[in-house]
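In what follows, a structure is listed as structure tokens, so that the remarks can point back to it.
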Amino acid sequence: MLLIQHKNILLKDIKHMRKILITLCAAIPFLASSCNGGSNTNNTPTMPKYAYIIAPDNNGYLQCNVNSNGIESSTCTLVTPQNADLNWPVAIAISNNIAYILNNDGNSYTQCNINSSGIESDSCFGVSPNDPGALLNPSSITISNGYAYMTDYADPYGIGYGAYTQCKVNKNGIESETCLTIGNDGESGLVNPMGVITYQNLAFFTNSFENNGVTQCNVNSLGINADSCFDAQPNGTSVYDASGLAIYNNYLFISNLTHKNNDDPDSTDYGSYTRCNLNSSGIDNNSCITTSLPLTNDPHNIAFAGNYAYFVNFSVGGAGYTQCLVENNNINTDSCKRIVLNNIPTTTGIAFQY
């Protein structure tokens, strides 16, 4: 479980059909062009019906109702599907009535159908793509324009690189035979990536090792162009162990596992988030601002749904989520409240069903 080792404990019309999108997931909700485990793109405050929160140590997920006040924590129910091959799952994405769950220890993904009552747990099955598309400690997933993009936290050489795996997606789900893993020789510039999200013709990855920040790449009809990737580290602010990604009204939000440098003796476990403006060229590096979030603990993912932002807290003994009101395209940190989910040791990914 390289994610644990890294952290020392260590992802028209509604009348005619329900649209199902991810928020991380995260980051992605709300008429989004992309869907992420813990990543989220939000353009209008549409109300989701269900939230799904991944519970790695339980080898399952929580299904929770959502109303105008946010996630109804009292309704959260742990689901551990049989024959789903869940093996320390960490991230979830939802697209076109299908849920995709990444298994960090299993080096696989689990695919499930969705209906109006939620994920059909009996429909779930696991897939382990073969070389050249084999997964290695996958940590996040997004679905965008006919492709699935999954981050591979580990690298086969053990020297700090990371990679991503891209696969074609059709109406029946991921075409596993098309999967291709790219960048594990360092060519993509990824370093222990924990988050991925797309925006227009761009893709963003978070690099969690040694505070490496964000990698930006171009996307075309063949998927991500690895040769175009470059370090998009924000200027004038610090990104501390970047993890989840979400997009809200042309702003990129990054959840950071900590709020200070790991070498700082005064550093504590609570996290922070970084907000950057987005334009046609990608991140406006000079616009980025990092804000501490004392009511979080190792926030692995960030997602937006309705008028709220959600940070999924990984930590043992305090797993759950932090919910904050969104105002003026930013997070009102004074409004944040932390919800601890009983008997759930760890939580990571989040997605919403509409």
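The values are calculated or read from the model by the stated rules, or taken from the named source; none is laboratory data. This one's a predicted model, so the numbers in the text were calculated from it and none came from an experiment. Cβ coordinates were reconstructed from backbone atoms using ideal geometry, including for glycine residues, and neighbour counts include every protein chain displayed. In case anyone asks, the SASA skips ligands and DNA or RNA and just uses the protein heavy atoms, side chains included. Shrake-Rupley method; radii C 1.70, N 1.55, O 1.52, S 1.80 Å.
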Restricting attention to the range 103-124, and to residues there that are under 17 Å from Q63 (Cβ atoms) and touching a Pro at 6+ places or on another chain (Cβ under 6 Å), which single residue is surrounded by the most Cβ atoms within 10 Å (Cβ to Cβ)?
C124
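Hey, can you tell me all the residues within the range 84-102 that are of a type outside the set (G, A, S) and open to solvent by less than 20 Å² (accessible area, probe 1.4 Å)?
Hits for the range 84-102 are W88, P89, V90, I92, I94, I98, Y100, I101, L102.
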Here the residues within the range 281-338 that are open to solvent by 10 Å² or more (accessible area, probe 1.4 Å), small (G, A, S) and in a strand (DSSP E or B) are S292, S335
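Yes or no, residue by residue, for (1) modelled with pLDDT of 95 or more; (2) not charged (D, E, K, R):
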site	(1), (2)
S139	yes, yes
T151	yes, yes
G186	no, yes
G195	yes, yes
F205	yes, yes
E210	no, no
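Listed here are the residues, each with its yes/no results for (1) in contact with an Asp or Glu (Cβ under 7 Å, 6 or more places away or on another chain); (2) modelled with pLDDT under 95; (3) part of a strand (DSSP E or B).
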position: L3; (1), (2), (3): no, yes, no
position: H6; (1), (2), (3): no, yes, no
position: K12; (1), (2), (3): no, yes, no
position: F30; (1), (2), (3): no, yes, no
position: C35; (1), (2), (3): no, yes, yes
position: P48; (1), (2), (3): no, no, no
position: L62; (1), (2), (3): no, no, yes
Tell me, which residue of the range 125-148 that is of a type in the set (S, T, N, Q) and surrounded by fewer than 19 Cβ atoms within 10 Å (Cβ to Cβ) is nearest to T346 (Cα to Cα)?
S128
For the range 95-105, how many residues are touching a strand residue (DSSP E or B) at 6+ places or on another chain (Cβ under 7 Å) and over 15 Å from N172 (Cβ atoms)?
4
